[in-house]
Structure formats: C-alpha cells, structure tokens
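The structure appears right after this line, and notes come after that.
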Amino acid sequence: MVSPFDRHYSYVVDDDVLKRLLLRYGLGQGEQAAVRAFGRIVDASDMAQALLERLHLADAGISDGTVEPALRDFCRDLARISEWDFTPGWPAGLAARWAECYLAGAVAEFPFVAIEALIALCQQRLFGERAMVYRLELDILNALVRLGWCLGGLLSDVAIEHEQSFRLSAEDGDPVLGIPNRRRFLMLLSDRLDRIGAGRQLGLVIVQVEWGRSADVLALDERDQLRLALSEVMRSMLRPSDILCALGDDAWAAILPDLHHPAQVSLAGHKLVDACEVLRSNNFPALRGRFYSGGAWAPEHAGDPLGLEQAARAALVVARSTGQPFDVYGGEVVVRAEDDANFEMEVARALEAQHFQLYLQPQVELPSRRVVGAEALLRWSRADGRAVPPPEILRVVERIGLMPVLSRWAIQQAAQILAALATAGCGVRVSVNIVAEDLRDSELPIFIRQTCDTWRVAPSRLCFEITEGGLVSGEGMSVRTLEALRQGGGRLALDDFGTGYSSMDYLRRLPVSEVKLDKSFVERITASDNDRAIVELMVRIAHTFGLEVVAEGVETAETEAVLLEMGCNCAQGYHYAPAMSVDDFVAWWKTSGEGVAHSA
C-alpha cells in the first residue's frame with residue numbers, strides 16, 4: 001500500500017476549479033485588475049523576505065537543504081501573490097508546496113497564519129504611515145483580502161484531502177489522531193537527522209501519561225476524545241516546523257528540528273506537560289493521571305533514530321521515577337536508568353529464585369495482650385546486603401507484571417509458615433496481603449484450598465488483607481472472589497481502613513471479618529484531638545457492623561491506653577515487637593510466656 005506521506009500531490013487545480021474558487025470569493029474582473037495594479041508597485045522578492053522574517057523562518061546562515069525547505073518555499077511562492085495572472089498554474093503550484101509542508105508535519109493552521117501576515121504586509125506597502133487613504137488603495141486592499149480568502153479555502157481543501165487519506169492509512173498514521181504513528185515517526189526522525197545544519201541541533205521530546213483507574217472505565221469514544229484533545233493541545237504548543245507523532249495510546253513524540261540551543265528541548269518538554277495538565281484539569285476533572293516527559297537532542301546524544309529515541313525514553317524513565325514532569329538525557333540519567341533496569345531484573349530473579357522472605361509482626365488482643373495472629377510482611381536484601389523497603393519492591397513487581405506471581409508465592413509461604421508454627425505449638429493465624437489483580441483471578445480460591453491441603457493447615461488460620469483501593473477496579477469480580485474465599489474458610493480484612501472514599505459502603509456490602517486502622521491515623525491519636533475523634537468514630541462504625549478492629553502502628557503505651565478506652569480489639573506495632581523471621585517469632589512467642597506479649 002502506498003503511504004499518503006510519500007505519494008505525489010493529487011489535488012487538481014484546473015480551469016473549472018479555479019472558476020468556482022474565483023466566483024465563490026467574489027474575485028471578478030475588477031478585483032483581478034486591482035491585484036495586478038498592486039503588482040506594479042511592489043517587488044515579490046522583497047515581500048517574500050519580509051514574510052519569512054515576520055514568520056521567524058528567515059535565516060540567511062542556513063541553506064534551504066537543511067532547515068524546513070518546504071515551509072520556506074511555500075512562503076516564497078505565497079509572496080508572489082501580486083504576480084498571479086489568474087491562470088491555474090500558480091495556485092496549483094502553491095497547493096503542491098503546501099501539500100509538501102503538511103505531509104512533512106506542519107500544522108493545518110499555518111497557511112492562514114501566513115496569509116494573514118502577508119495581507120498585513122500588503123497593507124503596510126499600500127498605506128505606509130500615511131493618515132490619508134485613497135479609494136483606489138482601499139479597492140486594492142479589498143481585492144487582496146478576497147484573494148487571501150480564496151487561497152485559504154484552496155489550501156484548506158488540500159489539508160482536508162490529505163487528512164482524510166491519512167486517517168485511512170493504518171500503516172503510517174494514527175487513525176483517530178490524524179498524526180504520524182510510530183512507523184512514520186522513525187522515518188520522519190531519520191529524515192530530519194540527515195538534514196541537521198552546522199551548529200544546530202534536532203530535539204526529541206517523548207510525553208507519556210499514567211492514568212489512574214478512572215480512565216479504565218471510559219467508553220472507547222470518550223477515550224478517543226481524550227487522546228484527540230491532548231494531541232491538539234500539544235500541537236498548539238509546537239512551532240509550525242515541529243512534528244507531533246503518536247507512539248501509542250498514551251505516548252507521544254515531538255520532533256523539534258533546527259534548534260539554536262539545547263535549552264529549547266527542556267522548554268518544549270515543560271510546555272507540553274503543562275498544557276496537558278491544564279487540559280486534564282479543565283476539561284476532564286474527574287480523571288486522575290500524571291504526565292511525564294523526557295528529552296534528548298542530536299547530534300550530541302545520538303545520531304540515529306533509535307538511539308535518539310532510546311535516549312529520550314531513558315530521560316522519561318528517570319522523570320517518572322523521581323516524580324518530575326521532565327528530565328533530559330545525560331550522564332546521571334544514564335546511570336539512573338541503568339540502575340532502574342538492573343533493579344527490575346534483580347527483583348525478577350529474586351522472585352524466581354524465591355529469595356524473598358516473609359517476616360511476622362505479632363497482632364495482640366486487647367487488653368489481655370494475648371498473641372492471636374501475625375501479619376506476614378515482605379522482606380528482601382540485595383546482593384550487596386542492602387535491605388529494600390517493601391513498597392519499593394511492590395512498585396517494581398507491579399510495573400513488570402509479576403504481582404500475581406508474588407501473591408501466589410506469599411500465600412504458599414504463609415501456609416508453610418502456619419505449618420511450622422503448628423509444629424512449634426503456636427496456634428495463631430497469619431495475615432497475608434492480596435491485591436486487586438488477585439481478586440480478578442477466579443481460580444484463586446481453588447489455589448488457596450489446594451495450598452492449605454498441601455501443608456495440612458486449616459484455611460481459617462489464613463487472613464487475607466485487601467486495601468480499599470484494590471476494590472475499585474473490577475468490583476463485581478472482586479466481590480465474587482471475596483465471597484468464595486470466605487466460603488472456603490478464610491478470614492477477610494479491609495486494610496488501611498479510612499483512607500479510601502467508600503469505607504462505609506464496603507463494610508455494608510463486603511464479607512469482611514475485620515478492619516485495620518491505618519497507622520497514619522493511629523500514631524497521632526495522643527497528639528491530635530481530631531485524629532483521636534476520627535479513630536474513635538471508625539472503631540464505633542466497625543463495631544456497628546459486628547467487625548473486629550485491628551490498630552496498626554502502635555508505638556507507645558499511651559497509644560495503647562487510648563485504643564483500650566475506645567474498645568479496639570487488637571493491635572500491632574513496635575510497642576509489642578517488630579517484624580521478625582519465623583524462627584525468631586517462635587522464640588519470641590515462647591519467651592513472652594506462650595503467647596502473651598509484653599512491651600518491647
């Protein structure tokens with residue numbers, strides 16, 4: 001199939017087309033004569049140079065072969081407006097010039113901007129600084145304005161034809177956005193790299209958005225409208241010579257040719273992200289998402305398309321990991337990107353080799369302090385001995401798509417731990433965390449039952465903790481899986497209670513047995529009356545639904561005393577014991593008096 005980007009110009013301007021155009025825009029014999037009269041008092045070459053300068057496209061130090069030749073040639077042809085003899089040749093040639101510009105990536109509005117600038121120059125040539133204007137001069141200006149409308153209509157038809165053919169091409173263009181796709185992006189980037197002028201740079205900015213779950217429920221047409229709006233606002237931030245391409249559903253690339261200074265890459269990256277953030281906030285306020293961008297430039301960072309794209313993507317990775325809207329490729333970026341890649345591979349290998357461990361933090365009953373359970377917490381140290389915080393491990397595991405593997409491993413390990421505890425005479429239950437993706441697995445209850453049978457432990461000694469956030473996506477499937485877990489004998493807990501938006505509704509509808517108060521509330525109840533009141537209210541609500549309450553993050557005797565007064569059922573935290581290995585937990589349990597915790 002022939003690409004619409006590579007095929008020859010096909011819009012025909014013959015005598016019939018020209019007659020219709022002249023009639024439509026009122027360019028009769030009188031107006032044509034006025035245009036010819038204007039041609040006798042101006043020089044087309046001077047007009048062309050003035051137009052290029054007005055549009056910031058003039059640069060005598062760079063040859064036409066290196067910096068956007070199509071746009072320059074189009075403006076030079078357009079400036080010959082006063083030499084037209086009203087035959088089809090000149091408008092046909094001008095339309096062909098514009099087709100070259102449009103297919104190279106110029107924005108569709110450029111001809112109107114150029115025509116407006118040209119008419120302003122014509123008016124300046126006619127009137128100068130004089131206060132008095134003659135009737136003949138007004139007639140000439142009126143004819144030129146009509147001619148501008150005529151040319152605008154013609155060039156708009158050209159853009160529409162190519163826009164339609166572009167949309168039909170799944171090979172080279174995004175069918176929704178009407179801009180080059182990744183295949184065409186690499187061709188355009190290669191072409192621009194071949195034409196970098198001496199002392200100039202070519203910039204590349206990649207923009208990516210990470211949507212929250214609110215975007216997952218959008219209808220397909222709404223998703224298309226969102227992507228189209230983002231593409232349009234980004235195109236409006238770019239120069240006429242810049243090219244915006246679609247790299248995927250949520251990623252774009254901006255090719256920035258003919259840069260005077262690399263700082264323009266950073267400026268473009270920040271402008272694109274800011275424009276997208278404003279659009280999302282104003283037009284799609286219900287959506288949650290973050291925009292990131294990474295930039296690089298040639299020839300310093302790379303001289304080939306894939307190398308330059310890789311450099312910009314490396315900067316994008318660092319921007320995402322640091323939470324910054326933009327980062328640029330450099331030595332520090334390379335090191336950090338390599339570190340991130342190595343860390344991902346190390347995490348994947350550690351999971352495959354089962355180098356992760358589950359530590360146990362006791363959960364004690366109040367006020368007896370009898371140990372009734374333990375939460376299994378993830379622990380892992382890298383090859384150099386550095387311990388990795390669990391949230392960092394989980395972020396990477398989720399990003400590389402291994403969360404279901406980790407969850408099943410954790411469930412198997414929890415069952416094995418329960419068997420070891422039973423052998424030691426420690427009859428406590430163990431809590432293990434599961435995530436939203438697990439709840440979409442209809443075979444999870446079967447896997448848990450088989451695991452418990454393998455290790456000969458009762459499912460009732462397992463407690464599955466799920467956060468409120470994990471219940472937002474695919475809630476119907478989540479509830480069915482939770483019901484199956486409950487029917488299989490497992491205990492269910494709502495983790496981080498109070499941090500979500502629908503806590504009360506979840507308590508009413510979900511088959512949970514307990515709620516866990518988030519440590520962010522618990523740790524402040526002795527210092528803040530507001531936090532104390534919030535926690536007390538949450539305890540009362542949970543008890544109203546017949547649920548037990550477990551408080552996380554209990555660090556002091558004062559906090560324990562307040563929780564006792566509120567009627568909290570259980571607690572866990574450093575006030576009793578830190579998380580520890582299974583062997584250490586058994587030793588601690590025996591030392592503490594066969595399951596009665598003391599202050600740590």
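When 261, 56, 301 are compared by accessible surface with a 1.4 Å probe, the order from highest to lowest is 56, 261, 301. In order along the stretch 263-268, the phi-based Karplus estimate (6.51 cos²θ - 1.76 cosθ + 1.60, θ = phi - 60°) of 3J(HN,Hα) comes to 4, 5, 5, 4, 4, 5 Hz; Gly and Pro are listed as x.
The Cβ shell under 13 Å around residue 193 holds other residues with a net charge of -3, Lys and Arg each +1, Asp and Glu each -1.
At a Förster radius of 45 Å, what calculated FRET efficiency corresponds to the Cβ-Cβ distance of residue 537 and residue 278, to the nearest 0.05?
E between residue 537 and residue 278, to the nearest 0.05, is 0.75.
Taking 0.36 nm per residue of sequence separation and subtracting the Cα-Cα distance, how much length would be gained by fully extending the chain between residue 422 and residue 386, in nm to one decimal?
Gain on extension, residue 422 to residue 386, equals 9.7 nm.
Taking a sphere under 13 Å around the Cβ of residue 94 and counting the other residues whose Cβ falls inside, with K and R at +1 and D and E at -1, yields a net charge of -2. By accessible area, using a 1.4 Å probe on protein heavy atoms only, the chain has 52% of its surface on carbon and sulfur.
With no solvent and one equal point scatterer per Cα, compute the Debye intensity ratio I(q)/I(0) for the stretch 77-194 at 0.10, 0.11 Å⁻¹ and report its log10, rounded to two decimals. Debye curve over Cα of the stretch 77-194, log10 I(q)/I(0) at q = 0.10, 0.11 Å⁻¹: -0.42, -0.49.
Spacing of the modelled spin labels on residue 14 and residue 528, each 7 Å from Cα toward Cβ, amounts to 7.8 nm.
Once R0 is set to 41 Å, what does the formula 1/(1 + (r/R0)^6) return for the Cβ-Cβ distance between residue 127 and residue 160, expressed as a FRET efficiency to the nearest 0.05? Efficiency, from the Cβ-Cβ distance: 0.75. The smallest convex shape that holds all Cα atoms of the chain, its convex hull, gives 210 Å³ per residue.
Apply 1/(1 + (r/R0)^6) to the Cβ-Cβ distance of residue 191 and residue 442, taking R0 = 60 Å, and write down the FRET efficiency to the nearest 0.05.
FRET efficiency, residue 191 to residue 442: 0.75.
Highest mean packing comes first when the peptides 548-554, 137-143, 389-395 are listed by Cβ atoms within 10 Å, giving 548-554, 137-143, 389-395.
Distance between Cα centroids, the stretch 419-437 to the stretch 214-290: provide it in whole Å. Between the Cα centre of the stretch 419-437 and that of the stretch 214-290, the gap is 48 Å. Applied to the stretch 278-291, the Karplus parametrisation 6.51 cos²θ - 1.76 cosθ + 1.60 on θ = phi - 60° returns per-residue 3J(HN,Hα) values of 5, 4, 4, 5, 7, 9, 9, x, 6, 7, 10, x, 10, 9 Hz, with x for Gly and Pro. Overall shape of the stretch 514-554 was characterised from the C-alpha gyration tensor. The equivalent ellipsoid obtained from it has semi-axes of 18, 12, 5 Å, in decreasing order.
Report the gain in length on full extension from residue 116 to residue 398: 0.36 nm times residue separation, minus Cα-Cα distance, nm rounded to one decimal.
96.2 nm
For the stretch 12-45, applying the loop criterion from DSSP together with a ceiling of 13 other beta carbons within 10 Å to the trypsin sites (Lys or Arg not before Pro) yields 40. Maximal additional length on extending the residue 49-residue 139 stretch stands at 29.9 nm, based on 0.36 nm per residue less the C-alpha distance. Taking trypsin sites (Lys or Arg not before Pro) across the stretch 82-138, the ones in a DSSP loop with at most 13 further Cβ atoms lying within 10 angstrom of their Cβ are 130. Straight Cα distances below 12 angstrom link residue 519 to the aspartates and glutamates 495, 496, 531, 552, 555, with same-chain residues fewer than 8 positions distant left out.
The values are calculated or read from the model by the stated rules, or taken from the named source; none is laboratory data. What you see is a predicted model; the values in this text were computed from it and never measured. Using ideal geometry, Cβ is built from the backbone for each residue, glycine included, and neighbour counts are taken over all protein chains shown. Protein only, heavy atoms only, side chains kept; ligands, DNA and RNA dropped before computing areas. Shrake-Rupley method; radii C 1.70, N 1.55, O 1.52, S 1.80 Å.
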